[in-house]
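Here's the structure, in structure tokens; my notes come after.
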Ligand SMILES: C[S@@+](CC[C@H](N)C(=O)[O-])C[C@H]1O[C@@H](n2cnc3c(N)ncnc32)[C@H](O)[C@@H]1O
């Protein structure tokens with residue numbers, strides 16, 4: 001019988017987006033005991049396909065961690081011969097330094113500007129400078145999502161894409177504890193996720209959908225008007 005576990009196994013082992021370089025970063029993450037904070041290989045494959053189809057050039061990533069998803073986006077820019085660029089933001093300086101080292105080691109650092117700081121502060125600064133992006137990838141602590149949602153939409157060009165990770169369940173923990181947004185309780189974090197989904201669902205500026213890849217991706221495309 002087809003079970004969810006089998007579907008997930010198939011998804012993570014078919015058409016995955018994990019190159020040898022990305023595998024090196026994931027092995028580094030695993031050696032530090034931080035596995036599953038990074039996106040899944042199936043999500044990298046999806047990001048690359050989506051970016052190519054939408055002609056994405058300018059990318060803002062909120063939540064660098066150790067550079068796994070950053071490297072995925074950088075590979076897309078390299079493989080398509082794009083002049084595009086990624087700004088990635090991380091609160092934890094040590095993680096940002098480690099991510100920079102990893103991208104240097106695989107020769108992808110020239111596509112990326114690494115910023116250390118709070119996502120909300122950086123978004124406000126970028127907004128003041130009138131910066132606009134083709135794609136914003138939001139992947140920070142889930143409690144921050146509702147406060148960041150409108151800032152992220154503001155930073156999108158018309159038809160730009162906002163992708164938000166872990167919207168169906170918290171990273172790592174959801175798979176272990178079963179905490180999820182479909183059967184919510186009084187959990188503060190799950191309430192934040194529900195609030196985020198409600199914000200997107202009621203936002204007339206975007207068209208949204210949820211994809212159950214990894215721990216759930218919310219995808220919002222900004223309308224032209
Ligand atoms: C789930 S991890 C990101 C994973 C990464 N995108 C990847 O797939 O490899 C979340 C990261 O966001 C960082 N973070 C959390 N809250 C933040 C905030 N408010 N501003 C910037 N970074 C934040 C955390 O330190 C952590 O490294």
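The values are calculated or read from the model by the stated rules, or taken from the named source; none is laboratory data. None of these values were measured; they are calculated from a predicted model. Because the Cβ atoms are built from the backbone with ideal geometry, glycine has one as well, and the counts that use them run over all protein chains shown.
In table form, for the structure just shown:
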| read-out | value |
| --- | --- |
| Matching residues in region 99-114 - criterion: being more than 9 Å from the ligand (Cβ to nearest atom) and either free of Cβ contacts under 8 Å to residues at least 40 places away in the same chain or on the phi > 0 side of the Ramachandran plot (or both) | 100, 101, 103, 104, 107, 109, 110, 111, 113 |
| Single residue of region 64-89 satisfying the filter (within 13 Å of the ligand (Cβ to nearest atom) and either within 18 Å of residue 160 (Cβ to Cβ) or modelled with pLDDT under 95 (or both)) that is nearest to the chain's Cα centre (by Cα) | 69 |
| Residue match in region 144-156 (condition: in a strand (DSSP E or B), in contact (Cβ under 8 Å) with a residue 40 or more places away in the chain and touching a strand residue (DSSP E or B) at 6+ places or on another chain (Cβ under 9 Å)) | yes |
| Scan of region 157-194 for residues that are away from the ligand (no atom under 16 Å from the Cβ), part of a helix (DSSP H, G or I) and surrounded by 13 or more Cβ atoms within 10 Å (Cβ to Cβ), ordered by number | 190, 191, 194 |
| Residue within region 58-79 that is touching a residue at least 12 places away in the same chain (Cβ under 8 Å), surrounded by fewer than 19 Cβ atoms within 10 Å (Cβ to Cβ) and assigned to a loop (DSSP other than H, G, I, E, B) present | no |
| Every residue from region 1-24 that is over 15 Å from residue 76 (Cβ atoms) and in contact (Cβ under 8 Å) with a residue 40 or more places away in the chain | 11, 24 |
| Region 1-56, residues that are within 24 Å of residue 142 (Cα to Cα), outside any helix (DSSP H, G or I) and within 12 Å of the ligand (Cβ to nearest atom) | 32, 34, 35, 36, 37, 38, 39, 40 |
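Yes/no per residue for (1) modelled with pLDDT under 95; (2) closer than 23 Å to residue 92 by Cα:
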{"position": "139", "(1), (2)": "no, yes"}
{"position": "145", "(1), (2)": "no, yes"}
{"position": "149", "(1), (2)": "no, yes"}
{"position": "182", "(1), (2)": "yes, no"}
{"position": "195", "(1), (2)": "no, no"}
{"position": "207", "(1), (2)": "no, no"}
